[in-house]
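Bear in mind that the values in this text are calculations on the coordinates, not laboratory data. Just so you know, these numbers come straight off a predicted model, no measurement behind them. Counting neighbours? That spans all protein chains shown, and the Cβs are built from the backbone with ideal geometry, glycine included.
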Amino acid sequence: MSLRIAVIGVGHLGKHHARILSSLPGAQLVAVVDTNRARAEEIATANHAEPLFDYHDVIGRVDAVTLAVPTEIHAELARDLLAKRIHVLVEKPMARSIDEADGMIDAAGDADVVLAVGQTERFNPALNAARRFLTDPRFIEVHRLGTFPERSLDIDVVFDLMIHDLDVVLSIVSSDVASLEAVGVPVITPRVDIANVRLRFANGCIANLTASRISRDRVRKIRFFQPSSYVSIDYAAQKVERWSLEGGGGSTPSIQGGDIAVDVEEPLQLELADFVDAIARKRQPRVTGEAGRRALALASEIVDKMAAAT
């Protein structure tokens with residue numbers, strides 16, 4: 001039996017949720033919900049679903065929802081729907097505060113339903129192809145640069161863009177953050193539009209992250225340096241390069257490597273497929289509420305550090 005699902009919020013990102021879910025195996029897109037009636041009707045028509053204008057109207061009619069609404073109402077909607085035993089995938093950042101995130105996690109646990117967080121980069125095929133080579137990163141360099149957006153201006157660039165990379169780094173480095181340095185500058189909006197962060201982990205790994213939403217070019221890259229090897233990921237191109245020091249023991253060492261094969265797929269489709277499969281198999285999604293909370297907690301600490309420096 002297909003999972004009955006609705007998309008709540010069909011703006012910049014939600015419209016893609018609807019597009020993918022309308023043809024995703026194992027899922028039946030029942031409705032799309034948006035307070036903008038014209039928008040709801042447009043996206044519903046395009047994806048053969050029913051337009052609704054109040055999220056309460058999905059209760060009793062669906063098994064699951066994806067939430068692509070403004071961050072400020074994530075917790076309110078998620079807690080309400082989870083309490084009705086509706087599985088929820090909520091876009092990042094999962095909430096405005098740790099308290100809100102904890103409330104969402106508790107609500108999912110009480111109802112015994114799935115709570116997944118939309119950290120889409122975790123599903124990037126390039127990252128998945130590279131993971132087996134990431135054995136002991138010592139230094140990580142991240143650049144996520146975007147042009148000025150028409151969405152997510154209710155949050156600063158750390159919660160809007162950098163949180164993707166914080167989640168990825170936390171999923172790879174098996175150690176706690178021991179200290180951090182952060183600087184952020186508001187340029188076009190009253191909120192921070194460009195930020196740089198240096199994380200020092202307890203195991204000695206250093207991660208340097210830069211995020212900007214005011215760049216002329218779009219860049220989404222992460223590089224890992226570890227003993228005798230280097231791995232570079234271009235998220236946008238879904239391309240991986242690996243170089244390593246080979247030889248020794250009497251032979252002349254040489255640097256060898258090149259491109260790693262990547263099965264190119266749409267990360268959002270993989271994320272939504274994982275959510276549907278987690279519900280069907282009664283398992284944890286790849287990005288759990290707890291993982292979303294961890295990324296949110298680090299992002300919040302970074303923003304507090306920047307605020308204290310001004």
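What is the packing order of peptides 124-131, 41-48, taking the mean over residues of other C-beta atoms within 10 Å and listing the highest first?
Working: 124-131: 19.8, 41-48: 16.5.
Result, highest mean first: 124-131, 41-48.
Distance in nm between label sites at residue 2 and residue 53, each 7 Å beyond Cα in the beta-carbon direction?
2.7 nm
Quick one: what are the phi-derived ³J(HN,Hα) couplings along the stretch 35-48, Karplus 6.51/-1.76/1.60 with θ = phi - 60°, whole Hz, x for glycine and proline?
Once rounded to whole Hz, the list reads 6, 7, 4, 4, 5, 4, 5, 4, 5, 4, 4, 5, 10, 6.
Compare the peptides 172-183, 28-39, 3-14 by average per-residue count of other Cβ atoms within 10 angstrom and give them in order, highest first. Can you show the working numbers first?
Working: 172-183: 15.0, 28-39: 19.2, 3-14: 23.2.
Top of the packing list down: 3-14, 28-39, 172-183.
What nm distance separates the two modelled labels at residue 259 and residue 304, each placed 7 Å from Cα along Cα→Cβ?
4.5 nm
Considering only the chain, what is the antiparallel percent among its DSSP beta bridges, to the nearest 5?
Details: 42 of 70 bridges.
Around 60 percent of the beta bridges assigned by DSSP in the chain are antiparallel ones.
If I stretch the segment between residue 85 and residue 252 completely, what's the gain in nm (0.36 nm per residue apart, minus their alpha carbon distance), one decimal? Show your work: numbers first, answer last.
Details: separation 167, 0.36 × 167 = 60.12 nm, distance 6.25 nm.
Once the chain is fully extended between residue 85 and residue 252, it gains 53.9 nm.
Just to confirm the number: angle between the C-alpha axis of helix 98-111 and the first principal axis of the chain, 0 to 90 degrees, nearest 10?
60 degrees
Can you list the aspartates and glutamates whose alpha carbon sits under 19 Å from that of residue 282, skipping same-chain ones fewer than 8 residues off?
Candidates past the 8-residue exclusion: 63, 106, 110, 112, 271, 274, 290.
Want the number for residue 206 to residue 218: 0.36 nm per residue separation, take away the alpha-carbon distance, what's left? If you can, show how the numbers build up before the last one.
Numbers: separation 12, 0.36 × 12 = 4.32 nm, distance 2.43 nm.
Going from the current span to full extension adds 1.9 nm.
Quick one: dipole size for the stretch 3-119, taken about the Cα centre, charges +1 on Lys/Arg Cβ and -1 on Asp/Glu Cβ, in debye to the nearest 20.
Dipole of the stretch 3-119, to the nearest 20 debye: 440 debye.
Show that you can apply the helix-only estimate: for the chain, add -39,500 (n - 2.57) for every DSSP H stretch of four or more residues, divide by all residues, and state [θ] at 222 nm to the nearest 500. Working shown, then result.
Numbers: 8 runs with 94 residues, N = 310.
About -9500 deg cm²/dmol.
Given the C-alpha centroids of the stretch 17-55 and the stretch 177-210, what is the distance between them in whole angstrom?
Each part reduced to its Cα centre gives a spacing of 37 Å.
Mind pulling the angle between the C-alpha long axis of helix 163-172 and the longest principal axis of the chain? Nearest 10 degrees, somewhere in 0 to 90.
60 degrees
Compute the acute angle (0 to 90°) between the alpha-carbon long axis of helix 74-83 and the principal axis of greatest extent of the alpha-carbon atoms of the chain; round to the nearest 10°.
With both axes taken from Cα atoms, the answer is about 60 degrees.
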